[in-house]
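Comments concern the structure below.
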Amino acid sequence: MAALVVSDAAIALNPLLVAPVEDRGRLMSIYSELKGWQCRTNERELGPPSCKYEDFGDILRSERDAISNYYNIAQKTSEVVLAKLGYCGPESLAKFKDYKIIAAYDPKGNLQGVAAVKIIGKKGVAAKVDYLVTAFWNMPFNEPKNPARTRGSGTCLIERLIEILPTDGAIFLEPTAAAVEFYSKRFFQVIKNWTPKTDGAVCGMALYQKDFAKLREKTEGQITSCDESRLPPTIKHYLDYLPRGRRGEKGLRELAQESKV
């Protein structure tokens with residue numbers, strides 16, 4: 001289930017550094033941010049006095065579906081990251097062993113977006129984008145004046161995926177209803193008569209090789225680096241949302257806090 005990445009023309013198109021991530025410390029930092037995005041979504045839905053940082057006012061009816069969808073995608077993406085770190089059972093390890101985590105950062109170290117992608121490489125399908133989510137501050141229902149806001153991270157994540165595909169074939173995904181327009185504008189085509197297998201998905205879509213160049217044009221000049229070693233250290237905004245360790249053991253908060261990347 002691929003998340004809709006919502007942005008508006010007023011948000012800046014900032015430079016982004018986008019790369020697959022393997023480093024355990026960076027994955028832990030990404031996990032801490034994803035959990036923070038989930039918690040902020042909960043706060044937005046519950047409203048005051050639950051809002052830990054600020055009051056965004058009453059929730060609009062039109063926001064509810066977007067908030068629920070955003071929360072689910074962030075949660076699923078964090079589960080894949082946790083599996084990549086080995087903090088899960090054998091079933092999850094087996095399920096996500098062929099997945100890659102691709103992350104988009106701005107030059108200051110704000111994590112702007114994350115994609116969890118299964119590399120397939122057969123039957124004309126090179127990869128499947130299971131989950132794609134941008135930072136909470138990029139959503140239209142929250143913090144419209146946050147200086148970290150940027151647009152284009154979702155598009156850049158897909159473009160970076162194109163560059164690392166090991167085989168020929170299309171990029172496949174099963175979007176929610178709200179995400180279909182976003183992916184259509186990025187040259188994904190609806191697959192006729194496809195029955196979605198993902199909860200909440202409404203169709204199957206594919207980005208074919210013939211359209212890869214068109215997508216590259218949309219990100220031209222925005223992606224400044226595609227090398228993990230050049231990604232900036234992650235600014236960890238939400239460490240206090242993670243649990244502490246007990247009885248002298250290090251918990252997720254301490255592990256994320258100790259990460260230098």
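The values are calculated or read from the model by the stated rules, or taken from the named source; none is laboratory data. Just so you know, these numbers come straight off a predicted model, no measurement behind them. We place every Cβ from the backbone using ideal geometry, glycine too, and count neighbours over all the protein chains shown.
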List, please: which pairs have Cβ atoms under 9 Å, are six or more places apart or on different chains, and start with a residue in region 122-133 that is of a type in the set (Gly, Ala, Ser) and end with one that is surrounded by 16 or more Cβ atoms within 10 Å (Cβ to Cβ) and part of a loop (DSSP other than H, G, I, E, B)?
124/169; 126/165; 126/169; 127/165; 127/169
Restricted to region 86-108 and to residues being crowded, with 16+ Cβ neighbours inside 10 Å and touching a residue at least 40 places away in the same chain (Cβ under 8 Å), the residue farthest from residue 174 (Cα to Cα) is 106
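Scanning for something of a type outside the set (Gly, Ala, Ser) and under 15 Å from the mean Cα position of the chain (by Cα), does region 86-98 turn up at least one residue?
Within region 86-98, the subset of a type outside the set (Gly, Ala, Ser) is 87-88, 90-91, 93, 95-98.
Add one more test, that the residue is under 15 Å from the mean Cα position of the chain (by Cα), and what stays is none.
The answer is no; no qualifying residue exists.
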In region 154-178, what count of residues is obtained for those that are under 18 Å from residue 195 (Cα atoms), out of contact with any helix residue (DSSP H, G or I) (no Cβ under 8 Å at 6 or more places or on another chain) and crowded, with 18+ Cβ neighbours inside 10 Å?
2
Under 8 Å between Cβ atoms, at least 6 apart or on separate chains: pull out the pairs that start in region 249-261 with a residue that is under 21 Å from residue 232 (Cβ atoms) and crowded, with 18+ Cβ neighbours inside 10 Å and end on any residue that is among the acidic types (Asp, Glu) and modelled with pLDDT under 90.
none
Considering only helices (runs of 4 or more DSSP H) wholly within region 152-261, the ones with at least 1 residues that are among the basic types (Lys, Arg) are 153-164, 212-219, 252-258
Could you give me the residue pairs with C-beta distances under 8 Å whose first residue belongs to region 196-223 and is over 16 Å from residue 157 (Cβ atoms), whose second residue is assigned to a helix (DSSP H, G or I) wherever it lies, and which are 6+ apart or on separate chains?
200/69; 200/72; 202/177; 202/180; 203/180
Of all residues being in a loop (DSSP other than H, G, I, E, B) and under 13 Å from residue 134 (Cβ atoms) in region 9-40, which is modelled with the lowest pLDDT? Just the residue, please.
11
Between a first residue in region 227-243 that is more than 14 Å from residue 27 (Cβ to Cβ) and a second residue that is surrounded by 14 or more Cβ atoms within 10 Å (Cβ to Cβ) and among the acidic types (Asp, Glu), which pairs have beta carbons less than 7 Å apart while being 6 or more apart in sequence or on different chains?
237/33; 238/33
Expected single match for modelled with pLDDT of 95 or more and at negative phi among 145, 97, 108, 122 is 108
List every residue pair whose Cβ atoms lie under 6 Å apart, where the two residues are 6 or more positions apart in sequence or sit on different chains, the first residue falls within region 150-173 and is under 16 Å from residue 101 (Cα atoms), and the second residue, located anywhere, is part of a strand (DSSP E or B) and of a type in the set (S, T, N, Q).
153/112; 153/134; 154/134
Based on this model, can you work out whether residue 113 counts as modelled with pLDDT of 80 or more and assigned to a strand (DSSP E or B)?
yes
Of (1) modelled with pLDDT under 95; (2) in contact with a strand residue (DSSP E or B) (Cβ under 8 Å, 6 or more places away or on another chain); (3) under 23 Å from residue 38 (Cα atoms), residue 180 satisfies every one except (1)
